[in-house]
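Visitor: Pasting a structure here, questions to come.
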């Protein structure tokens, strides 16, 4: 008999997982205004229908790509969404251009997809995902309060 796939978790872990996966109200994941600041090279800004405002840099968004490949890579490295890869200690570091999208487009009425200048384009950033990874002080404070650790 195999016990593969059986996971024992504490009440605290279960409560945290339940909190992280709780459905968000529709008004909280419906954007009122979306600004992809490509020409400025700044990032993404969203005003949500519930009055909240979120903003992300392009570098953070690339490091938080929600595609399966990037998620698995982050898990393997022990990184969280938005956390950059550790830089190798080279004697003479090579210049790497800043990460930014070459283009962005809507995916239906529920997401954005970026075509990054590093050739990657697999991630679909749903409105719900973006709201859950909001980097504003209010949201990062709430995440720290509920989980006990910063995002």
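The values are calculated or read from the model by the stated rules, or taken from the named source; none is laboratory data. Computed from a predicted model, the values in this text were never measured in an experiment. In this analysis, Cβ positions are derived from the backbone assuming ideal geometry, glycine residues included, and neighbour counts consider all displayed protein chains.
Visitor: Filter the stretch 58-75 down to residues that are without any contact (Cβ under 8 Å) to a residue 40 or more places away in the chain and under 11 Å from the mean Cα position of the chain (by Cα) and give me whichever is farthest from residue 116 (Cα to Cα).
Guide: The qualifying residue farthest from residue 116 (Cα to Cα) is 71.
Visitor: Can residue 103 be described as touching a strand residue (DSSP E or B) at 6+ places or on another chain (Cβ under 6 Å), over 23 Å from residue 25 (Cα atoms) and modelled with pLDDT of 95 or more? Lay out the reasoning, then the answer.
Guide: Details: touching a strand residue (DSSP E or B) at 6+ places or on another chain (Cβ under 6 Å): yes; over 23 Å from residue 25 (Cα atoms): yes; modelled with pLDDT of 95 or more: yes.
In short, yes.
Visitor: In the stretch 86-121, which residues are farther than 20 Å from residue 57 by Cβ and touching a residue at least 12 places away in the same chain (Cβ under 8 Å)? Working first, answer last.
Guide: Taking the stretch 86-121 as the starting set, the residues that turn out to be farther than 20 Å from residue 57 by Cβ are 88-94, 106-110.
Those that are farther than 20 Å from residue 57 by Cβ and touching a residue at least 12 places away in the same chain (Cβ under 8 Å): 107, 110.
Visitor: Which one is surrounded by the most Cβ atoms within 10 Å (Cβ to Cβ), of the residues in the stretch 25-49 that are more than 19 Å from the chain's Cα centre (by Cα) and under 15 Å from residue 98 (Cβ atoms)?
Guide: 40
Visitor: Before we move on, is residue 68 at pLDDT 95 or above, out of contact with any strand residue (DSSP E or B) (no Cβ under 9 Å at 6 or more places or on another chain) and surrounded by fewer than 13 Cβ atoms within 10 Å (Cβ to Cβ)?
Guide: Working: at pLDDT 95 or above: yes; out of contact with any strand residue (DSSP E or B) (no Cβ under 9 Å at 6 or more places or on another chain): yes; surrounded by fewer than 13 Cβ atoms within 10 Å (Cβ to Cβ): yes.
Against the criterion (at pLDDT 95 or above, out of contact with any strand residue (DSSP E or B) (no Cβ under 9 Å at 6 or more places or on another chain) and surrounded by fewer than 13 Cβ atoms within 10 Å (Cβ to Cβ)), residue 68 qualifies.
Visitor: Which of the numbered conditions does residue 129 fail, given that it passes all the others? Conditions: (1) touching a helix residue (DSSP H, G or I) at 6+ places or on another chain (Cβ under 7 Å); (2) under 17 Å from residue 62 (Cβ atoms).
Guide: All conditions pass for residue 129, except number (1).
Visitor: On to the next question. Within the stretch 53-63, can one find any residue that is in a loop (DSSP other than H, G, I, E, B) and touching a helix residue (DSSP H, G or I) at 6+ places or on another chain (Cβ under 9 Å)?
Guide: Of the stretch 53-63, the ones in a loop (DSSP other than H, G, I, E, B) are none.
No, the stretch 53-63 contains no residue that is in a loop (DSSP other than H, G, I, E, B) and touching a helix residue (DSSP H, G or I) at 6+ places or on another chain (Cβ under 9 Å).
Visitor: Let me ask you something else. Assess whether residue 80 counts as being closer than 21 Å to residue 132 by Cβ and exposed (fewer than 11 other Cβ atoms within 10 Å of the Cβ).
Guide: Criteria not met by residue 80.
Visitor: Right, something else. Scan (1) within 13 Å of the chain's Cα centre (by Cα); (2) modelled with pLDDT under 95; (3) closer than 16 Å to residue 129 by Cα for the single condition residue 109 breaks and write down its number.
Guide: Failed condition: (1).
Visitor: Filter the stretch 92-143 down to the residues that are in a loop (DSSP other than H, G, I, E, B) and closer than 21 Å to residue 22 by Cβ and list them by number. Full working, then the answer.
Guide: Kept after step one, since they are in a loop (DSSP other than H, G, I, E, B), are these residues of the stretch 92-143: 92-100, 108-110, 117-123, 133-136.
110, 133, 134, 135, 136 - these are the residues of the stretch 92-143 that are in a loop (DSSP other than H, G, I, E, B) and closer than 21 Å to residue 22 by Cβ.
Visitor: Does the stretch 50-58 contain any residue that is touching a strand residue (DSSP E or B) at 6+ places or on another chain (Cβ under 8 Å), closer than 17 Å to residue 24 by Cα and surrounded by 12 or more Cβ atoms within 10 Å (Cβ to Cβ)?
Guide: Yes, the stretch 50-58 contains a residue that is touching a strand residue (DSSP E or B) at 6+ places or on another chain (Cβ under 8 Å), closer than 17 Å to residue 24 by Cα and surrounded by 12 or more Cβ atoms within 10 Å (Cβ to Cβ).
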